[in-house]
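The values are calculated or read from the model by the stated rules, or taken from the named source; none is laboratory data. No experiment lies behind these values; they were computed from the predicted model shown. Because the Cβ atoms are built from the backbone with ideal geometry, glycine has one as well, and the counts that use them run over all protein chains shown.
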Amino acid sequence: MKTNPLDPLLKGLRLLVCAVAPSVLPMAAIAAQPNILHIVSDDLGWKDVGFNGATDLKTPNLDTLAANGARLTQFYAQPMCTPTRAALLTGRYPFRYGLQTIVIPGTAGYGLDTTEYLMPQTLKDAGYNTAIIGKWHLGHADVKYWPKQRGFDYQYGAMIGELDYFTHSDAGVLDWFRNNKPVKEKGYTTQLLGADAVKYIQEQSPDKPFYLYLAFNAPHTPYQAPQDYIDRFKHIEDPTRRIYAAMIACMDDEIGNVVAALDKKGLRENTVIVFHSDNGGTRSAMFAGQMADLSKTKIPCDNGSFREGKGTLFEGGCRVAAFANWPGRIAPASVDGMIHVVDLFTTFANLAGASTAKSKPLDGLNVWETIASGKPSPRTEVIYNVEPFRGAVRQGDWKLIWRSLIPTSVDLYNLADDPSETKNLAAEHPEKVAAMQARLNALGKESAKPLALQYVASVGLAHGKPRMGSMDGKGPVMVEELGVSITDEGVGDREVHQH
């Protein structure tokens, strides 16, 4: 039998491959599907982090991640909580399914349309473990809207929009769950969420990627923090700002613990971390929440040079603090390309090698090259919102805000020259105004009716006991129900409202 003179060399190569493969191939496989840690803060002001210029409070963990990653200077969210959370999980603007107006009230029964195919479902299809630790706020009155029913393998945290940080409740109703079951436990919500995220990471296997949606309710109202954190900020004179700073510091510490857990588990090198707020910081008591009366309180959020805040269509309401970090994969830089929160769905799916075929038509774009290497963003337009009474769109550097209710108003700004939106140029550019209004009108025709407005109308116009004044202060005079109509047509309220 003839021997090949190259056999010794080939044998040596095979041995080398066998020796190297165990360490190289798993890394290659893991790199093809990175872990995704998606951290969202709640009502965080643009300038309330060190990497955007905060000086009276410290966020060392966030600052380190931002400094070693891409600081996203033109990252946009929706102006309020529910719409942003819906947008990031669907990859679609919320006006397409009726969640464009305000948030889901605690007393409401509606939620995110169950025909929408969500990011955790898409990533699960690609082999990911999926978890939400933190705030949901996309439907709570019916379990069909809950996270476990929408693609998350694991859930821990709150379903509604705001809760007491220590009792984990709102108006006496417990809002704290693990995998759909109520949990009664002591602790400060931010610390509980951080600890649970650490535990979750400790339980993950390097052989299976995960998507962890870590949605802190901090620093949303009510303004509460552990006393030891408040004591860190004695130099801040305003008491509300002091507590607010403490809430952010606690969140920053917990994020540091989570990143340390990734390092300890050996997962850090294959985990992309994206951080952003759900909207700009609150600047008006009207949008600060319902659990406390803040009408006489100095609102503590700081959006820097950006105008207004949460609930508005100005930059302060929609341009939010954000960064992305992945060692060796994302170049440290300040990235100025436009990115909208809907883009995360498409971008994460691309990184995961996941198909989006089950989704309805996506508004999100793949902005990975913009994030990773600062290339020009494929996004040239941002739809801030489309509602029956207002809308806003940005095309290139030009931004239009159109309030259609009487008295109507139109604002046009060039954000490259005027990011603080101080110079309304609408009168000087009527053709541009008309074109951008036409764009909003066209989208308005495609829009679903706002579920919030339907809910408010159903509550406000529902038949009930009239609120009748009285001269003697004893309240209205009551009579027995007659059981018949008192109208000439013979149509009574009972008949009208029984359907």
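The table below gives the values:
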| quantity | calculated |
| --- | --- |
| Residue identified as modelled with pLDDT of 95 or more, surrounded by 16 or more Cβ atoms within 10 Å (Cβ to Cβ) and touching a His at 6+ places or on another chain (Cβ under 9 Å) among 382, 393 | 382 |
| Residue in the stretch 221-230 that is surrounded by fewer than 14 Cβ atoms within 10 Å (Cβ to Cβ) and within 28 Å of residue 282 (Cα to Cα) present | yes |
| Options 55, 82, 64, 114; residue that is surrounded by fewer than 20 Cβ atoms within 10 Å (Cβ to Cβ) and assigned to a helix (DSSP H, G or I) | 64 |
| Residue within the stretch 56-76 that is within 14 Å of the chain's Cα centre (by Cα) and at pLDDT 95 or above present | yes |
| Pairs, first among the β-branched types (Val, Ile, Thr) in the stretch 161-186, second surrounded by 13 or more Cβ atoms within 10 Å (Cβ to Cβ), C-beta under 7 Å, six or more apart | 183/176; 183/177 |
| Pick from the stretch 173-220, criterion of a type in the set (S, T, N, Q) and surrounded by 23 or more Cβ atoms within 10 Å (Cβ to Cβ), ranking: farthest from residue 160 (Cα to Cα) | 190 |
| Test result for residue 167, touching a Leu at 6+ places or on another chain (Cβ under 9 Å), hydroxyl-bearing (Ser, Thr, Tyr) and under 23 Å from residue 94 (Cβ atoms) | no |
| Test: residue in the stretch 481-499 that is closer than 30 Å to residue 98 by Cβ, modelled with pLDDT under 85 and surrounded by fewer than 10 Cβ atoms within 10 Å (Cβ to Cβ) | yes |
| Members of the stretch 407-453 that are touching a residue at least 40 places away in the same chain (Cβ under 8 Å) and not in a helix (DSSP H, G or I) | 415, 419, 420, 421, 422, 447, 448, 449, 450 |
| Test: residue in the stretch 384-406 that is under 27 Å from the mean Cα position of the chain (by Cα), outside any loop (DSSP other than H, G, I, E, B) and without any contact (Cβ under 8 Å) to a residue 12 or more places away in the chain | no |
| Any chance residue 130 is surrounded by 20 or more Cβ atoms within 10 Å (Cβ to Cβ), in a strand (DSSP E or B) and not small (Gly, Ala, Ser) | yes |
| Filter result (outside any loop (DSSP other than H, G, I, E, B) and out of contact with any Gly (no Cβ under 9 Å at 6 or more places or on another chain)) within the stretch 283-342 | 285, 322, 339 |
| Residue that is farthest from residue 384 (Cα to Cα), among those in the stretch 85-140 that are of a type in the set (Gly, Ala, Ser) and in contact with a strand residue (DSSP E or B) (Cβ under 8 Å, 6 or more places away or on another chain) | 131 |
| Members of the stretch 273-305 found to be of a type in the set (Ser, Thr, Tyr) and surrounded by fewer than 23 Cβ atoms within 10 Å (Cβ to Cβ), listed by number | 284, 295, 297, 305 |
